[in-house]
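The values are calculated or read from the model by the stated rules, or taken from the named source; none is laboratory data. Values in this document were obtained by computation on a predicted structure and should not be read as measured data. When we count neighbours, we look across all protein chains shown, and the Cβ atoms used for this are built from the backbone with ideal geometry, even at glycine. Just the protein is used for accessible areas: all its heavy atoms, side chains included, with ligands, DNA and RNA removed. Shrake-Rupley method; radii C 1.70, N 1.55, O 1.52, S 1.80 Å.
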Amino acid sequence: MAIWVTWPAWTKFGTLGIAAGLLTLAAERSELLKNNMFDLENYAQRNATITCDERSKTARTEDGTCNILSNPAEGSVYVRFGRNVNPTYAGGETEATGLLSPNPRDVSNTLLARGEFKPAPSLNFIAASWIQFMVHDWVDHGPNQTTNPIKVPLPSGDALGTGYLDVRRTKADWDRTAADAGRINTYRNHNTHWWDGSQLYGSSKAQNDKIRAFVDGKLKINANGTLPTELLSGKPVTGFNDNWWVGLSMLHQIFTKEHNAIATMLKQKYPTASDQWLYDKARLVNSALMAKIHTVEWTPAVIANPVTERAMYANWWGLLGQGGTRDKYQTEARQIQEDLAKADSFIKTILGFDPNLSDEAGSSALDHALGGLVGSANPNNYGVPYTLTEEFVSVYRMHPLMRDNVQVYNIGDNEVVKTISLPDTREGKAENVLNAETPERLWYSFGITNPGSLTLNNYPNFLRNLDIPLVGNIDLATTDILRDRERGVPRYNQFRRQIGLTPITKFEDLTTDAATLANLKRLYNNDIEKIDTMVGMMAETVRPDGFAFGETAFQIFILNASRRLMTDRFYTKDYRPEVYTQEGY
């Protein structure tokens with residue numbers, strides 16, 4: 001049996017081969033929707049305290065409630081993370097059951113630490129900033145516990161010396177009841193689960209009030225175009241400002257300005273509208289803009305394959321959508337339909353099934369591919385309340401994308417005029433760098449430099465010795481390894497089994513590099529079942545053409561990238577001019 005998926009090779013058959021790949025992904029998503037969504041929340045208890053007012057019917061609420069009016073707590077702040085693997089296989093590891101085996105600091109030093117910087121030649125550095133900007137919208141486990149840290153023994157000869165590296169544990173779920181007895185550990189998302197711009201707008205009324213100007217629907221911004229900053233930290237006052245650096249300063253500034261530009265436009269069209277109405281509409285539009293950019297620009301850049309490019313366009317518009325840049329796919333879409341109507345259909349032959357057929361009307365692979373998800377008739381959570389998942393958090397750990405420095409160029413030039421180390425762009429220094437170098441030069445500079453490649457031995461070393469205020473020095477690579485183990489994300493091979501992929505049978509399935517193989521075998525004691533999921537994903541050298549990451553991460557992506565659109569009322573039933581305004585739409 002082949003270990004790696006075969007659909008990427010079908011692009012050699014041209015349009016119909018690409019179509020077969022596209023429909024394969026749609027069918028795979030259908031299987032994942034049926035088999036890989038597990039909810040762990042008690043909604044009856046949470047819904048009892050929520051009232052959906054008239055405003056919430058056409059606006060995103062500050063805490064994410066009332067998106068789904070029949071289940072108003074769904075997707076809101078503090079709802080538990082769900083799972084994409086069966087909870088039977090998602091029990092967290094403890095010190096007694098292998099949490100420290102192999103030593104995560106040894107894994108960090110040996111398999112993750114960056115030697116020579118390995119660039120991702122097909123991407124620019126904006127892509128690295130962007131994904132952190134998006135992750136800050138989606139997931140946050142909140143402040144870690146301050147007591148009883150995980151004590152990681154420092155290996156012999158470690159650069160940090162002898163003794164132990166203390167890693168704070170993930171904050172435990174504070175709201176477990178007797179009904180949760182015997183269930184796996186659960187954790188709560190301190191952001192809303194929705195794709196609603198909460199990194200900009202916050203996930204609470206209190207935080208939202210801090211960023212709003214309360215005039216004409218706008219957000220606070222200084223007269224010179226910079227964001228207001230916190231007195232002590234120097235970081236911008238925004239929805240979410242943890243783990244801050246200049247790449248986030250750039251994005252928060254530009255999308256704050258975008259919100260205000262939308263509000264100004266709406267004020268001109270609706271001069272008597274209230275501040276609240278203008279704010280609500282501008283947030284809807286700005287949030288959808290960010291989701292659209294991620295879907296049809298960031299994603300096709302990171303997984304730059306003809307199949308996935310069309311898949312992401314199909315998610316937003318459908319291949320038969322009207323107007324705009326998707327016109328070029330409509331002829332292809334009609335070719336697909338013509339082929340499927342033939343008795344000797346090439347696509348049916350290569351797939352081995354008929355994508356016209358479906359268990360339920362309107363949800364076949366073909367329907368999704370041609371019709372799209374955004375703007376569909378009703379939100380659909382496939383019978384499982386919508387949340388983001390621990391596995392989703394795991395596959396979006398993309399710290400190797402970070403460079404060691406920011407190279408600054410003059411606009412239109414290709415000569416580096418200044419090199420700033422990444423640590424010197426962090427926290428309160430970020431706004432100073434943005435102001436000194438100017439946003440225009442930094443956007444240009446980020447646009448013509450590469451991020452790091454998502455591979456082994458490319459994890460930035462400054463993140464492996466990172467000074468966190470009030471916490472001290474941490475090794476983020478060690479922490480990343482521990483988080484998967486602690487939160488019950490299965491080890492790599494079991495992870496692949498649980499999400500419908502073929503497990504590897506030997507270390508050599510991952511890579512042929514002799515030094516890497518020797519290190520993998522030593523650390524994991526020649527046992528492929530012990531490989532950590534993050535290590536396995538970064539070790540995958542067999543990747544679909546154009547992919548910055550491999551098929552394991554992509555399998556979780558297939559499900560969640562679509563699910564966060566198809567479940568959201570404001571991207572389905574209420575993605576329409578009557579809710580967004582015609583101008584916003």
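Computed values, structure above
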item	result
Pairs, first touching a residue at least 24 places away in the same chain (Cβ under 8 Å) and over 13 Å from D140 (Cα atoms) in the stretch 71-91, second open to solvent by less than 10 Å² (accessible area, probe 1.4 Å) and among the basic types (K, R), C-beta under 6 Å, six or more apart	A90/R83
Positions within the stretch 97-155 being open to solvent by 50 Å² or more (accessible area, probe 1.4 Å) and in a helix (DSSP H, G or I), in sequence order	T97, N109
Boolean, G452 is under 23 Å from the mean Cα position of the chain (by Cα) and surrounded by fewer than 16 Cβ atoms within 10 Å (Cβ to Cβ)	no
Any chance L442 is farther than 27 Å from P87 by Cα and not hydroxyl-bearing (S, T, Y)	yes
Scan of the stretch 156-188 for residues that are exposed (fewer than 11 other Cβ atoms within 10 Å of the Cβ) and touching a Lys or Arg at 6+ places or on another chain (Cβ under 8 Å), ordered by number	W174
Residue in the stretch 418-436 that is among the small types (G, A, S), within 30 Å of K171 (Cα to Cα) and either touching a Lys or Arg at 6+ places or on another chain (Cβ under 8 Å) or part of a loop (DSSP other than H, G, I, E, B) (or both) present	yes
3 or more residues of a type outside the set (D, E) and open to solvent by 20 Å² or more (accessible area, probe 1.4 Å): qualifying helices (runs of 4 or more DSSP H) within the stretch 485-585	492-498, 514-523
Residue check, T478 in contact with a helix residue (DSSP H, G or I) (Cβ under 6 Å, 6 or more places away or on another chain) and not in a strand (DSSP E or B)	yes
Matching residues in the stretch 237-259 - criterion: being open to solvent by 10 Å² or more (accessible area, probe 1.4 Å), in contact with a Phe, Trp or Tyr (Cβ under 9 Å, 6 or more places away or on another chain) and among the β-branched types (V, I, T)	I254
Breaking point among (1) at pLDDT 80 or above; (2) open to solvent by less than 70 Å² (accessible area, probe 1.4 Å); (3) part of a helix (DSSP H, G or I), for L366	(1)
Residues satisfying the stated conditions in the stretch 288-309, i.e. more than 21 Å from W138 (Cβ to Cβ), surrounded by fewer than 21 Cβ atoms within 10 Å (Cβ to Cβ) and touching a residue at least 24 places away in the same chain (Cβ under 8 Å)	A304, N305, P306
Complete set of residues in the stretch 34-49 that are farther than 11 Å from V79 by Cα and either open to solvent by 40 Å² or more (accessible area, probe 1.4 Å) or free of Cβ contacts under 8 Å to residues at least 24 places away in the same chain (or both)	K34, N35, F38, A44, Q45, A48, T49
Residues being open to solvent by 10 Å² or more (accessible area, probe 1.4 Å) and within 20 Å of L373 (Cβ to Cβ) - total across the stretch 260-287	1
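Residues checked against (1) in a loop (DSSP other than H, G, I, E, B); (2) surrounded by fewer than 17 Cβ atoms within 10 Å (Cβ to Cβ):
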position: V5; (1), (2): yes, no
position: L16; (1), (2): no, no
position: G21; (1), (2): no, no
position: L32; (1), (2): no, no
position: T51; (1), (2): yes, yes
position: S56; (1), (2): no, no
position: A59; (1), (2): yes, no
position: E62; (1), (2): yes, no
position: L69; (1), (2): yes, yes
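Okay, residues lined up against (1) modelled with pLDDT of 85 or more; (2) touching a Cys at 6+ places or on another chain (Cβ under 7 Å); (3) farther than 19 Å from L373 by Cα:
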{"site": "P300", "(1), (2), (3)": "yes, no, no"}
{"site": "T308", "(1), (2), (3)": "yes, no, no"}
{"site": "W317", "(1), (2), (3)": "no, no, no"}
{"site": "E338", "(1), (2), (3)": "no, no, yes"}
{"site": "S345", "(1), (2), (3)": "no, no, yes"}
